[in-house]
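J.: Here's a structure for you.
The values are calculated or read from the model by the stated rules, or taken from the named source; none is laboratory data. Please read all numbers here as calculations on a predicted model, not as lab measurements. In this analysis, Cβ positions are derived from the backbone assuming ideal geometry, glycine residues included, and neighbour counts consider all displayed protein chains.
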Amino acid sequence: MTDAGKKREAERGKLIRRLGDIAFGRANDAVKLVFLTPQEAQGALDGLDLSMLSEVKRDEKGTVELKLLNRLDVMKLLLEELKPQESGAAEFLAALERAAPGGGAPEDR
């Protein structure tokens, strides 16, 4: 495997781990953020895991709206990324086999 291929696989591994963390993570810190005053929140942001958080709205009356990521969407992305990835060469060879007289691999005939 080339250096570029190894780097791509390492990045893919990081992506898979991150998607797993989000898909199966907890939203505790996002909920904790809602109960903090804006001044308290500003000091606490660095220590909170807000990876599940999509949006926070606080109006002038003090009402807070919290939107979290859709876990099902993240799980779908994770499943797509976990599927074996075919190389361009494998796809090309499969297309050649289908186009050959007899239409497939010799063991299929």
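J.: When residues of the range 51-86 are filtered for being of a type in the set (Gly, Ala, Ser) and more than 16 Å from the chain's Cα centre (by Cα), how many remain?
T.: From the range 51-86, those of a type in the set (Gly, Ala, Ser) are 51, 54, 62; that's our starting set.
Now drop any that are not more than 16 Å from the chain's Cα centre (by Cα), which leaves 62.
Number of matching residues: 1.
Yes/no per residue for (1) hydroxyl-bearing (Ser, Thr, Tyr); (2) more than 27 Å from residue 16 (Cβ to Cβ); (3) assigned to a loop (DSSP other than H, G, I, E, B):
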{"site": "36", "(1), (2), (3)": "no, yes, yes"}
{"site": "44", "(1), (2), (3)": "no, yes, no"}
{"site": "56", "(1), (2), (3)": "no, yes, no"}
{"site": "74", "(1), (2), (3)": "no, no, no"}
{"site": "95", "(1), (2), (3)": "no, yes, no"}
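J.: Next up: Has the range 77-85 got at least one residue that is modelled with pLDDT of 90 or more, of a type outside the set (Phe, Trp, Tyr), surrounded by 12 or more Cβ atoms within 10 Å (Cβ to Cβ) and not in a loop (DSSP other than H, G, I, E, B)?
T.: Within the range 77-85, one or more residues are modelled with pLDDT of 90 or more, of a type outside the set (Phe, Trp, Tyr), surrounded by 12 or more Cβ atoms within 10 Å (Cβ to Cβ) and not in a loop (DSSP other than H, G, I, E, B).
J.: Still on this model: Scan the range 25-34 residue by residue and report those that are surrounded by 12 or more Cβ atoms within 10 Å (Cβ to Cβ) and not in a loop (DSSP other than H, G, I, E, B). Step through it out loud before you land on a result.
T.: Residues of the range 25-34 surrounded by 12 or more Cβ atoms within 10 Å (Cβ to Cβ): 25, 27, 29-34.
Listed by number, the residues that qualify are 29, 30, 31, 32, 33, 34.
J.: From the list 55, 9, which one is modelled with pLDDT of 90 or more and loosely packed, with under 13 Cβ neighbours inside 10 Å?
T.: On the way: 9 fails: modelled with pLDDT of 90 or more.
Within the list 55, 9, the selection yields 55.
J.: Looking only at the range 2-18, how many residues end up being in a helix (DSSP H, G or I), over 17 Å from residue 77 (Cβ atoms) and of a type outside the set (Lys, Arg)?
T.: 5
J.: Okay, next question. Suppose the filter is modelled with pLDDT of 90 or more and surrounded by 10 or more Cβ atoms within 10 Å (Cβ to Cβ); does residue 72 pass it?
T.: no
J.: Oh, and also: Restricted to the range 24-50, and to residues that are modelled with pLDDT of 90 or more and of a type in the set (Gly, Ala, Ser), which residue is nearest to the chain's Cα centre (by Cα)?
T.: That would be 27.
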